[in-house]
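Below you'll find the structure, written out as C-alpha coordinates, and then a few comments.
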Amino acid sequence: MSLDNSRTHWTRLNVFLHWTIVVLIIGQWIEGEFMVDFWDGTLEGHALDQLTVVLGYTHIVLGTLVLVAAAVRLLDRFVNGRPPHAEGEPTWALTLSKVTHVLLYAVLLVMPALGLAAWFTGNDDLAGYHTLLWNPLLALIGLHILGALAQHFWFKTGALKRMLPGIRHAS
Ligand code: HEM
Ligand code: HEM
(Lines give C-alpha, C1' and ligand atoms only; values in the text may rest on other atoms or scores of the structure.)
(Ligands and ions follow the chains in the order given, each with its own letter.)
Protein backbone atom coordinates (compact mmCIF):
# COMPACT_ATOMS: atom_id res chain seq x y z
CA MET A 1 0.00 0.00 0.00
CA SER A 2 2.20 2.78 -1.21
CA LEU A 3 2.36 5.38 -3.91
CA ASP A 4 6.13 5.01 -4.40
CA ASN A 5 7.86 1.62 -4.41
CA SER A 6 11.22 2.85 -5.65
CA ARG A 7 12.76 3.78 -2.26
CA THR A 8 15.79 2.03 -0.93
CA HIS A 9 15.66 3.74 2.49
CA TRP A 10 13.13 4.75 5.12
CA THR A 11 12.38 8.47 5.21
CA ARG A 12 14.10 10.52 7.91
CA LEU A 13 10.68 11.26 9.39
CA ASN A 14 9.86 7.55 9.61
CA VAL A 15 13.14 6.70 11.34
CA PHE A 16 12.77 9.66 13.73
CA LEU A 17 9.22 8.61 14.64
CA HIS A 18 10.22 4.94 15.03
CA TRP A 19 12.77 5.81 17.74
CA THR A 20 10.53 8.49 19.25
CA ILE A 21 7.86 5.82 19.78
CA VAL A 22 10.46 3.56 21.41
CA VAL A 23 11.37 6.32 23.91
CA LEU A 24 7.68 7.12 24.57
CA ILE A 25 6.84 3.45 25.22
CA ILE A 26 9.72 3.21 27.70
CA GLY A 27 8.25 6.30 29.40
CA GLN A 28 4.81 4.64 29.57
CA TRP A 29 6.39 1.55 31.06
CA ILE A 30 8.13 3.58 33.79
CA GLU A 31 5.15 5.73 34.84
CA GLY A 32 2.27 3.32 34.02
CA GLU A 33 1.86 2.39 37.71
CA PHE A 34 1.23 6.03 38.60
CA MET A 35 -1.53 6.23 35.98
CA VAL A 36 -3.31 3.34 37.71
CA ASP A 37 -3.36 5.32 41.00
CA PHE A 38 -4.26 8.54 39.18
CA TRP A 39 -7.15 6.80 37.42
CA ASP A 40 -8.50 5.12 40.58
CA GLY A 41 -8.12 8.36 42.58
CA THR A 42 -9.89 10.39 39.88
CA LEU A 43 -12.78 7.90 39.59
CA GLU A 44 -13.23 7.55 43.35
CA GLY A 45 -12.51 11.21 44.22
CA HIS A 46 -9.46 10.45 46.47
CA ALA A 47 -6.91 13.15 47.28
CA LEU A 48 -3.78 12.45 45.20
CA ASP A 49 -0.18 13.47 45.81
CA GLN A 50 1.45 15.86 43.33
CA LEU A 51 3.81 13.27 41.83
CA THR A 52 0.90 10.98 40.94
CA VAL A 53 -1.00 13.84 39.31
CA VAL A 54 2.01 15.04 37.31
CA LEU A 55 2.95 11.53 36.15
CA GLY A 56 -0.71 10.73 35.46
CA TYR A 57 -1.00 13.66 33.08
CA THR A 58 2.42 12.76 31.64
CA HIS A 59 0.98 9.32 30.83
CA ILE A 60 -1.89 10.90 28.93
CA VAL A 61 0.39 13.28 26.98
CA LEU A 62 3.04 10.66 26.09
CA GLY A 63 0.35 8.11 25.20
CA THR A 64 -1.39 10.60 22.91
CA LEU A 65 1.96 11.34 21.24
CA VAL A 66 2.33 7.60 20.53
CA LEU A 67 -1.04 7.66 18.78
CA VAL A 68 -0.08 10.71 16.69
CA ALA A 69 3.41 9.37 15.88
CA ALA A 70 2.07 5.96 14.81
CA ALA A 71 -0.60 7.59 12.62
CA VAL A 72 1.95 9.91 10.97
CA ARG A 73 4.30 6.96 10.35
CA LEU A 74 1.55 5.05 8.63
CA LEU A 75 0.69 8.10 6.52
CA ASP A 76 4.36 8.57 5.59
CA ARG A 77 4.60 4.89 4.65
CA PHE A 78 1.49 5.16 2.51
CA VAL A 79 2.60 8.33 0.71
CA ASN A 80 6.35 7.68 0.42
CA GLY A 81 6.42 3.89 0.43
CA ARG A 82 8.85 1.66 2.30
CA PRO A 83 12.14 0.11 1.21
CA PRO A 84 11.78 -3.43 -0.14
CA HIS A 85 12.04 -6.32 2.29
CA ALA A 86 15.55 -7.71 2.36
CA GLU A 87 16.42 -10.50 -0.02
CA GLY A 88 17.77 -13.74 1.35
CA GLU A 89 15.12 -13.92 4.05
CA PRO A 90 12.98 -17.11 4.11
CA THR A 91 9.23 -16.73 3.41
CA TRP A 92 8.22 -17.69 6.94
CA ALA A 93 10.39 -14.91 8.40
CA LEU A 94 9.01 -12.38 5.94
CA THR A 95 5.42 -13.37 6.75
CA LEU A 96 6.11 -13.28 10.49
CA SER A 97 7.63 -9.80 10.22
CA LYS A 98 4.69 -8.49 8.18
CA VAL A 99 2.15 -9.90 10.65
CA THR A 100 4.14 -8.48 13.59
CA HIS A 101 4.28 -5.02 11.97
CA VAL A 102 0.53 -4.98 11.29
CA LEU A 103 -0.24 -6.05 14.86
CA LEU A 104 2.23 -3.50 16.27
CA TYR A 105 0.57 -0.67 14.34
CA ALA A 106 -2.87 -1.91 15.43
CA VAL A 107 -1.93 -1.92 19.13
CA LEU A 108 -0.07 1.41 18.89
CA LEU A 109 -3.28 2.99 17.57
CA VAL A 110 -5.97 1.10 19.50
CA MET A 111 -4.30 1.14 22.93
CA PRO A 112 -4.03 4.94 23.31
CA ALA A 113 -7.44 5.38 21.64
CA LEU A 114 -8.97 3.13 24.32
CA GLY A 115 -7.12 5.03 27.04
CA LEU A 116 -8.44 8.36 25.76
CA ALA A 117 -11.96 6.96 25.39
CA ALA A 118 -11.81 5.69 28.99
CA TRP A 119 -10.50 9.03 30.24
CA PHE A 120 -13.11 11.17 28.51
CA THR A 121 -16.06 8.91 29.36
CA GLY A 122 -14.91 7.79 32.82
CA ASN A 123 -15.54 4.19 31.71
CA ASP A 124 -13.55 1.70 33.79
CA ASP A 125 -14.24 -1.19 31.36
CA LEU A 126 -12.51 0.71 28.56
CA ALA A 127 -9.58 1.37 30.92
CA GLY A 128 -9.48 -2.38 31.59
CA TYR A 129 -9.33 -3.20 27.86
CA HIS A 130 -6.60 -0.56 27.50
CA THR A 131 -4.49 -2.19 30.21
CA LEU A 132 -5.17 -5.65 28.78
CA LEU A 133 -3.26 -4.71 25.61
CA TRP A 134 -0.05 -3.97 27.51
CA ASN A 135 1.25 -7.56 27.70
CA PRO A 136 0.44 -8.33 24.04
CA LEU A 137 2.28 -5.09 23.12
CA LEU A 138 5.33 -6.18 25.14
CA ALA A 139 5.24 -9.63 23.51
CA LEU A 140 5.04 -8.07 20.03
CA ILE A 141 7.92 -5.70 20.81
CA GLY A 142 9.99 -8.65 22.11
CA LEU A 143 9.31 -10.63 18.93
CA HIS A 144 10.05 -7.55 16.79
CA ILE A 145 13.40 -6.94 18.48
CA LEU A 146 14.34 -10.63 18.09
CA GLY A 147 13.40 -10.31 14.41
CA ALA A 148 15.52 -7.18 13.95
CA LEU A 149 18.50 -8.87 15.59
CA ALA A 150 17.97 -12.04 13.52
CA GLN A 151 17.94 -9.92 10.35
CA HIS A 152 21.28 -8.45 11.28
CA PHE A 153 23.19 -11.36 12.83
CA TRP A 154 21.56 -14.43 11.26
CA PHE A 155 20.14 -13.50 7.83
CA LYS A 156 22.81 -10.79 7.51
CA THR A 157 20.54 -8.28 5.75
CA GLY A 158 20.79 -4.48 5.96
CA ALA A 159 17.32 -4.11 7.56
CA LEU A 160 18.57 -3.07 11.02
CA LYS A 161 21.21 -0.68 9.69
CA ARG A 162 18.77 1.22 7.52
CA MET A 163 16.46 1.82 10.49
CA LEU A 164 19.29 3.32 12.56
CA PRO A 165 19.49 7.12 12.97
CA GLY A 166 22.48 8.70 11.22
CA ILE A 167 22.53 6.24 8.32
CA ARG A 168 21.77 7.83 4.94
CA HIS A 169 17.98 8.16 4.69
CA ALA A 170 15.65 9.37 1.96
CA SER A 171 14.47 12.91 2.76
C1 HEM B 1 0.49 3.49 23.48
C2 HEM B 1 0.30 4.37 24.47
C3 HEM B 1 0.04 3.89 25.87
C4 HEM B 1 0.64 2.87 26.56
C5 HEM B 1 1.76 1.95 26.07
C6 HEM B 1 0.02 2.80 27.86
C7 HEM B 1 0.37 1.92 28.87
C8 HEM B 1 -0.24 1.82 30.08
C9 HEM B 1 0.22 1.00 31.17
C10 HEM B 1 1.48 0.12 31.14
C11 HEM B 1 -0.65 1.15 32.20
C12 HEM B 1 -0.55 0.52 33.59
C13 HEM B 1 -1.02 -0.88 33.58
C14 HEM B 1 -0.78 -1.50 34.94
O15 HEM B 1 0.30 -1.30 35.54
O16 HEM B 1 -1.68 -2.23 35.38
C17 HEM B 1 -1.67 2.07 31.77
C18 HEM B 1 -2.75 2.46 32.51
C19 HEM B 1 -3.67 3.41 32.10
N20 HEM B 1 -3.60 4.19 30.97
FE21 HEM B 1 -2.28 4.01 29.46
N22 HEM B 1 -0.94 3.78 27.93
C23 HEM B 1 -0.95 4.47 26.75
C24 HEM B 1 -1.73 5.55 26.42
C25 HEM B 1 -2.73 6.07 27.24
C26 HEM B 1 -3.55 7.22 26.92
C27 HEM B 1 -3.41 8.15 25.68
C28 HEM B 1 -4.45 7.36 27.91
C29 HEM B 1 -5.47 8.46 27.98
C30 HEM B 1 -5.93 8.95 29.09
C31 HEM B 1 -4.22 6.26 28.87
C32 HEM B 1 -4.97 6.00 30.00
C33 HEM B 1 -4.70 5.02 30.93
C34 HEM B 1 -5.55 4.75 32.08
C35 HEM B 1 -6.87 5.43 32.40
C36 HEM B 1 -4.90 3.73 32.82
C37 HEM B 1 -5.36 3.10 34.13
C38 HEM B 1 -6.12 1.84 33.80
C39 HEM B 1 -6.60 1.10 35.01
O40 HEM B 1 -6.10 1.31 36.13
O41 HEM B 1 -7.50 0.24 34.83
N42 HEM B 1 -3.13 5.53 28.43
N43 HEM B 1 -1.39 2.48 30.48
C1 HEM C 1 8.73 0.19 21.40
C2 HEM C 1 9.46 -0.59 20.64
C3 HEM C 1 9.27 -0.69 19.13
C4 HEM C 1 8.15 -0.54 18.38
C5 HEM C 1 6.73 -0.24 18.85
C6 HEM C 1 8.53 -0.73 16.98
C7 HEM C 1 7.66 -0.68 15.90
C8 HEM C 1 8.01 -0.89 14.59
C9 HEM C 1 7.09 -0.96 13.48
C10 HEM C 1 5.56 -0.82 13.58
C11 HEM C 1 7.81 -1.18 12.35
C12 HEM C 1 7.25 -1.41 10.97
C13 HEM C 1 7.52 -0.29 10.02
C14 HEM C 1 6.71 -0.44 8.77
O15 HEM C 1 6.68 -1.53 8.16
O16 HEM C 1 6.08 0.55 8.42
C17 HEM C 1 9.20 -1.21 12.74
C18 HEM C 1 10.26 -1.39 11.88
C19 HEM C 1 11.52 -1.70 12.29
N20 HEM C 1 12.00 -1.74 13.60
FE21 HEM C 1 10.94 -1.35 15.24
N22 HEM C 1 9.88 -0.98 16.93
C23 HEM C 1 10.36 -0.98 18.22
C24 HEM C 1 11.66 -1.21 18.64
C25 HEM C 1 12.68 -1.58 17.80
C26 HEM C 1 14.02 -1.90 18.21
C27 HEM C 1 14.53 -1.88 19.67
C28 HEM C 1 14.71 -2.23 17.10
C29 HEM C 1 16.16 -2.67 16.97
C30 HEM C 1 16.66 -3.65 17.71
C31 HEM C 1 13.81 -2.08 15.97
C32 HEM C 1 14.15 -2.30 14.66
C33 HEM C 1 13.31 -2.12 13.57
C34 HEM C 1 13.73 -2.32 12.19
C35 HEM C 1 15.10 -2.74 11.72
C36 HEM C 1 12.61 -2.05 11.39
C37 HEM C 1 12.53 -2.14 9.85
C38 HEM C 1 12.14 -3.53 9.46
C39 HEM C 1 12.07 -3.65 7.96
O40 HEM C 1 12.87 -3.06 7.25
O41 HEM C 1 11.17 -4.40 7.50
N42 HEM C 1 12.59 -1.69 16.43
N43 HEM C 1 9.30 -1.06 14.10
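See the values below:
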quantity: Pair list, Cβ under 6 Å, 6 or more apart: the range 133-144 residue over 12 Å from Val99 (Cα atoms), other residue of a type outside the set (A, V, I, L, M, F, W, C); calculated: none
quantity: Tally, over the range 31-87, of residues that are in a helix (DSSP H, G or I), open to solvent by less than 60 Å² (accessible area, probe 1.4 Å) and within 16 Å of ligand 2 (Cβ to nearest atom); calculated: 17
quantity: Subset of the range 104-131 (residues that are loosely packed, with under 13 Cβ neighbours inside 10 Å, free of Cβ contacts under 8 Å to residues at least 12 places away in the same chain and in contact with a helix residue (DSSP H, G or I) (Cβ under 9 Å, 6 or more places away or on another chain)); calculated: Asp125, Gly128
quantity: Leading residue by the ranking (nearest to Thr42 (Cα to Cα)) among those in the range 137-151 that are touching a helix residue (DSSP H, G or I) at 6+ places or on another chain (Cβ under 8 Å) and open to solvent by less than 60 Å² (accessible area, probe 1.4 Å); calculated: Leu137
quantity: Whichever residue in the range 89-103 is open to solvent by less than 70 Å² (accessible area, probe 1.4 Å) and either in contact with a helix residue (DSSP H, G or I) (Cβ under 6 Å, 6 or more places away or on another chain) or more than 10 Å from ligand 2 (Cβ to nearest atom) (or both) and, among such residues, is farthest from Ile30 (Cα to Cα); calculated: Pro90
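The values are calculated or read from the model by the stated rules, or taken from the named source; none is laboratory data. All values reported here derive from a predicted model rather than from experimental measurement. Here Cβ is always computed from backbone atoms with ideal geometry, including for glycine, and neighbour counts include all displayed protein chains. What goes into the accessible areas is simple: the full protein's heavy atoms, side chains included, and nothing from ligands, DNA or RNA. Shrake-Rupley method; radii C 1.70, N 1.55, O 1.52, S 1.80 Å.
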